[in-house]
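The values are calculated or read from the model by the stated rules, or taken from the named source; none is laboratory data. Not measured: the values here are computed from a predicted model. Cβ coordinates were reconstructed from backbone atoms using ideal geometry, including for glycine residues, and neighbour counts include every protein chain displayed. Just so you know, the surface numbers come from the protein's heavy atoms only, side chains and all, with ligands and any DNA or RNA stripped out. Shrake-Rupley method; radii C 1.70, N 1.55, O 1.52, S 1.80 Å.
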Amino acid sequence: MSVRQRVFGRLSRHDLLLVAIPLVFALALAVSLVGPVSREAALAVAGAAGVVCLADAFYFHPPVGSSSDP
C-alpha cells in the first residue's frame with residue numbers, strides 16, 4: 001500500500017474540503033505578496049473558492065449519518 005493510499009484512504013471528502021479552504025486562502029495570500037495581484041482580489045477569489053467548497057460539502061454532497069446514529 002502506497003503512502004498516498006494510506007493517507008488519502010482515511011480522509012473523507014469533507015476532511016479534504018476542510019483542508020482545502022485554508023490552503024486556498026494561504027495560496028491567495030502568497031500570490032498577492034509575490035505576484036501582481038492585489039490582496040483584495042486574491043482574497044475575493046479565495047472567498048469564492050471557499051463558498052464553492054462549502055456549497056459542495058453542504059448541498060451537493062451532504063454528509064450522511066451512519067447506521068449507529070440515533
Filter segment 48-66 for residues that are outside any loop (DSSP other than H, G, I, E, B) and in contact with a helix residue (DSSP H, G or I) (Cβ under 8 Å, 6 or more places away or on another chain); the one that is most open to solvent (accessible area, probe 1.4 Å) is LEU54
Here are some conditions: (1) loosely packed, with under 14 Cβ neighbours inside 10 Å; (2) assigned to a helix (DSSP H, G or I). LEU11 meets all but one. Which one does it not meet?
(2)
List, please: which pairs have Cβ atoms under 9 Å, are six or more places apart or on different chains, and start with a residue in segment 41-63 that is within 13 Å of VAL31 (Cα to Cα) and end with one that is small (Gly, Ala, Ser) and in a loop (DSSP other than H, G, I, E, B)?
ALA42/GLY35
In segment 19-40, how many residues are surrounded by 14 or more Cβ atoms within 10 Å (Cβ to Cβ) and within 22 Å of LEU54 (Cα to Cα)?
7
